[in-house]
Structure formats: structure tokens, C-alpha cells
Amino acid sequence: MSELLDLVGIFVFALTGALMGVRKRLDVVGMLVLSEITALGGGVLRDLVLNVPPAAFQSLGYILTPVLATVIVFFWHPHVTKVLPAIMVLDAAGLGLFCAVGTEKALTYGLNPLHACVLGVMTAVGGGILRDILAGEIPTLLYDRQLYAVPAMVGAALRAVLFEVHLQGWVTTLAAATVAFLLRIAAMRRGWRAPLAKGVRPQD
Amino acid sequence: MSELLDLVGIFVFALTGALMGVRKRLDVVGMLVLSEITALGGGVLRDLVLNVPPAAFQSLGYILTPVLATVIVFFWHPHVTKVLPAIMVLDAAGLGLFCAVGTEKALTYGLNPLHACVLGVMTAVGGGILRDILAGEIPTLLYDRQLYAVPAMVGAALRAVLFEVHLQGWVTTLAAATVAFLLRIAAMRRGWRAPLAKGVRPQD
Amino acid sequence: MSELLDLVGIFVFALTGALMGVRKRLDVVGMLVLSEITALGGGVLRDLVLNVPPAAFQSLGYILTPVLATVIVFFWHPHVTKVLPAIMVLDAAGLGLFCAVGTEKALTYGLNPLHACVLGVMTAVGGGILRDILAGEIPTLLYDRQLYAVPAMVGAALRAVLFEVHLQGWVTTLAAATVAFLLRIAAMRRGWRAPLAKGVRPQD
């Protein structure tokens, strides 16, 4: 169950990576590289900090899922672009899931709650940051003001609190993931935005 | 004492990260991410290479100091910009301290002096490089020609030499840090520059 | 023998890094940083994922070879540029060697063949990707369509197959490296290209 949810998150993040490759008119190799790094980058960074072998290199499904996503985008990307609103919803689901799973893994390895939350957020947003850097853009996360990182922070914090009161298991993780997911969806729908520093005008 | 000096270095580097966020008109999340990565990135890279859990994830102060720096820059950045010359001096102090501390830690873990110096310089300049990449700029270090990396190399080499003659402890580290600091200040004041390859004209 | 081949690969990659520094009119520090990271970045990434201390920090030759390459490019870069076609051939040799050596090392550490191939390719192309990101460019690998990554994938796969049938030792590694090398040379000569996603027009 937990593995399946993980693969869904990886698949959705991989789609956004391959689509970025199409938008930048990269070839199929570029698409695959972006897809793999978007999907697996956050988790690999988390595992490097935890000083454990990255999960992406322990299971074949983790590496093969982005291959599937790249193939789909390669042949059917106009259709994929049409369902982009649906993908944004799935991406929000991936964000929620990855922040909850990442925080839980860090807590299991004995990190204190604050550090575990930082790693949880890193799991959720690290792949997207690497994708944007590779594509030659400033990471969306830093300026889009649409509360991408904030829901991940809330989900991570909630998962850490539940862990501290000894609530564990995948239902707990799913609960924290759901809160982050709903918050992200609400932020997109209602245009909630993170503030700029005092006196700074928006870019547009 | 050593911990306090470390936090001062982190605080100053964090200020430069958050200020870069203001200059790029990023939101508060972008400011915080740049601040954390500028302050902690170099040390995390060093610890990953040393194959030990990153110090930034062992102590709460390391993660919280950039939060404080971001809050200060968020509300008072015009004032912070006014004291930028003072911050450049503090940044030089951070540079000196981080190269000395990084080299010492690497030597303690049994690396030979040359490798320890490389890691010391990486500790000092790694965060700034990551900050510039995330902000979509070529790392200042690579082209500013104002001897940013060279003082760090000298400080690291000095710390390694002192270690080889069995001089240890924080006084020794502070001595190496001070030499790097003074060299960096002198380079800024006198406009010392690193040479371009033979026959290459400056960019300006 | 294996060590010598390794140093040749590092030297050639280091040349391409230092030359990128000249093209971007960076100072000697920037040239050195690009040179070291181009030459050693891929192997360091591989070793971080394998959770072992990076080989680059175990041997002095690994760190010093890029210093030599930087000195040569610093004084004689117009001559180096003239022999660029020869360097492209040597770069293909480095590519072949690094993908075979990287895959073999990963297999030795017990990774399954697919993961070992991913790490082998990462060893071969990681340094170049980091070089391009630091220089402010989209990694050539992602868009040049000249089959840079594909020969590395083939070489890595071949090395993994040979390992599975219990063929080991440096002759086997050299065989896989040679196949990748010849494939890369053929791709350059004949202009073989990776396809773009369906319906996407080339950039030029």
C-alpha cells in the first residue's frame, strides 16, 4: 500500500519532469534525465543526509517508473498537456505524500522533529528544484508565491507531531499527506500567496 | 566558544542568502530556502564527502539561525542593505572561520592535508555557490576575480600545516581563520584580482 | 593500469572544464573549480550514492590532475583550442572509460545491474552536467542530441552483462569502454541524433 502510493507520487513528478523537457524542446535523453531527477532527486537528497543508501537504488520500480512516464510524454504529450489541471492535482498529491513519507523516514532514523521536517520538505520539493536548475530556470518554488513549500511544511510538521504522540503507521502518514494536499489545492484555487519582503514589489 | 563562532558565520552567510532573495524579488519562502542553503550548504557538502551525518542536522541552532536572519531581512532589509559594507566584513569573517573549521574537521577524520584543504575551501565557498546557482546566476566565486576563494585556500593550508606540527584546539583554528579574514579584507580594499588566462580580456 | 586509464579520463574531462572557464572569461580560480568539478563530479556523485568515501578524496593524483590541466589551459589555451577535435576524441575515451568503471564499481558493491548502469552513466556524465550548470548553461547532455548519454548507457549495459556472466577484470572493463567510445565517435562522425518528442520541432 505504502509502496504503491510512493510509486504514484514518483510517476506524477516524473510526468512534470518529462513535460518540462518537451517545453524546453530537449531530446528524449534530456526528457528521461529530467524525469528521473524530478521524481527521485528529493528522496536521494534525503537519504544522502540520513547517510543511508538511497531508496531509489534499492528498488527497480523507482528507476523504471520515470521511464514509463517519459515514454507516455514522448508519444502523447499534447494529450498530457490537455490534462495538465489533473496533473497539478496529482502533483499536489505527490507533494503531500512525499513530505509525510520523508518526515516519517527521518524520524525513524532518530532525527529530532525540526530536522525531520526539514528533510520531509526536502523530499517533497528537492526533485522539482533540481528539475528547474537543470532546465536553466530559477526554481519555481522560490518565486511562484503559490504556497508550494508551505503545505509541505504543514504536512511535515503534522506528521512529526503525530509521531511524537506515538501515532504511527501508513494511516497516520496518509492523514498528514491529505492535509498538505488539501492545503495545496486550496492555495491554487484561491490564489493564496506567500508575502514578499516589506516594500518589495511583485515581479509582474 | 567554537560553537558560537560557528553560529556567527552561519548567521552572516544566511543574511547574504536572504538579501539575494530580496534582490531577486523572491517571496519569503524563497528567501528562507536561499538563506538556509547559503548558510548550511558548504558544511553539508563537506559532511557528505566525509560520509558522516551533516552537522546541520544534529543541532537546532544551525537550522534556526537562518530563520532569524530571514525574519530580520524580511522586515528591515533596507537597513540591512545600508550596513552591507559591514556585512561584507562579517562575510569575510565567516569565510575565514569556515575554511579553518572545515579543514580541521576533515583532518580529524583522517584525510591527508591536501584533501582536507579542498574540503575546507568547499565548506567556506560551497553555500555561496549553491545560493548563486539557485538564484539563476553564475557563481560569483568563478568570475569576480576578487580573491574570494584564494584567502580560503590560504587559511585552509595554514590550518593543515599547524595540524601537521601538532598544533590543535580552537586558538589554532582562530589563527588560521584570522589570516584568511585579513587576506580577504586586504583583497577587497586594494582590489587584488585573480588573473585571467593568457590573452583573455576582462568581461567589462 | 586501471589507475592510469582513470587519470587519463580525469585529465581530459579536466581540460574541457578549464576550457569552458576560458570561454566564459572566468579567472584562474573559476577555471580550476570548473576543471576539478568536471573531472571529479561524476565519480563523487556515484560514491555518495554508494555511501562510500569518494575516491577523489583518497588519492592525491585525482585532485592534482585537474590542477595540471588548468595550468596547461591557462598558458596555452589557444593551442588547446586548436587540438579540440583531438580532445573530443579523448573526451569520448573518458566517457567510455568512466561509464564502464562506474558500472563495475557499483556492481562490486552489490547493486543490481539496472541500478549499476544508472550509476555508471552518472559517473560518465555527472561531471559535465555540473560543469554546465556552474557555467550558467543548460547541460549540453540534455539537448545536444548527439548521443552523448546513449553510448554511455550501452557501455554500462555491456559491462553489466559481462559481470553477470562472471567476466571480470580490467580487460572486460576496457572492452565495454571501447564499445561506448566507438559508438560515441560514430555518432559524432555520422551526426546520429536522439529523437525529439513527437511533433516537437528542433530548436535551430
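Run the paramagnetic zone check for C:Thr140: 7 angstrom along Cα to Cβ, then residues of region C:60-90 with backbone nitrogen under 12 Å.
Under 12 Å, as judged by backbone N against the label point of C:Thr140, lie C:84-90 of region C:60-90.
On the Cα set of region C:2-190, report Rg and Dmax in Å, please.
Cα only, region C:2-190: 15.6, 49 Å (Rg, Dmax).
Could you work out the mean count of beta carbons from other protein chains within 10 Å of each residue's beta carbon in C:130-136?
That average works out to 4.
Going down the table (B:Lys198/C:Lys82; B:Lys24/B:Lys82; B:Lys24/C:Lys24; B:Lys82/B:Lys105), which pairs top 25 Å between alpha carbons?
In this structure, B:Lys82/B:Lys105 exceed 25 Å between Cα atoms.
Per-residue HN-Hα couplings for region B:172-187, Karplus 6.51 cos²θ - 1.76 cosθ + 1.60 at θ = phi - 60°, whole Hz, x for Gly and Pro?
My calculation for region B:172-187 gives 4, 4, 5, 4, 4, 4, 5, 4, 4, 4, 5, 5, 5, 4, 4, 4 Hz in order.
Pop out the ³J(HN,Hα) list for region B:144-157 in order, Karplus 6.51 cos²θ - 1.76 cosθ + 1.60 with θ = phi - 60°, rounded to Hz; leave Gly and Pro as x.
Each residue of region B:144-157 in turn: 6, 6, 9, 6, 7, 7, 4, x, 5, 5, 5, x, 5, 5 Hz.
Translational diffusion coefficient, Stokes-Einstein: compute it for the protein assembly as shown using the Kirkwood radius over C-alpha pairs as Rh, at 25 °C and 0.890 mPa s, and state it as an integer in µm² s⁻¹.
Taking Rh from Cα pairs, D becomes 99 µm²/s.
I'd like the projected area of region C:125-204, averaged over all directions, using the convex hull of its alpha carbons. Report it in nm² with one decimal.
If you wrap the Cα atoms of region C:125-204 in a convex hull and average its projections, you get 7.0 nm².
Let me have the relative contact order for region B:2-190, percent, based on Cα pairs under 8 Å that are six or more residues apart.
25
Need one value for A:122-129: mean number of C-beta atoms belonging to other chains within 10 Å of its residues' C-beta atoms.
Going residue by residue through A:122-129 and averaging, the value is 1.
Sort the following peptides by mean Cβ neighbour count (other Cβ atoms within 10 Å, averaged over residues), highest first: A:15-22, B:79-86, C:146-153.
Result, highest mean Cβ count within 10 Å first: A:15-22, C:146-153, B:79-86.
Top mean-square fluctuation among C:Arg46, C:Arg159, C:Arg190, Gaussian network model of chain C, C-alpha springs under 10 Å?
In the Gaussian network model the winner is C:Arg190.
List the equivalent ellipsoid semi-axes of region C:1-65 in whole Å, largest first, each obtained as the square root of 5λ for an eigenvalue λ of the Cα gyration tensor.
Over the Cα atoms of region C:1-65, the semi-axes work out to 22, 13, 9 Å.
Jot down the per residue volume, in cubic angstrom and as a whole number, of the convex hull over the alpha-carbon atoms of region A:163-204.
It comes to 109 Å³ per residue, whole-number rounded.
If you project the alpha carbons of region C:52-154 onto their three principal axes, what span does each projection cover, largest first, in Å?
Largest to smallest, the principal-axis extents are 45, 36, 25 Å.
Shielding by partners for B:59-65, please: the mean number of other protein chain Cβ atoms within 10 Å of each residue's Cβ.
Taking the mean over all residues of the peptide, I get 2.
What nm distances, shortest first, do you get from the label point of B:Glu137 to those in the other copies when the point sits 7 angstrom along Cα to Cβ?
Ordered by increasing distance: 2.2, 2.2 nm.
FYI, it's all coordinate maths here, none of it is from the lab. Only a predicted model underlies this, so the values are computations on that prediction, with no experimental measurement involved. Glycine also receives a Cβ, built like all others from the backbone with ideal geometry; neighbour counts cover every protein chain displayed.
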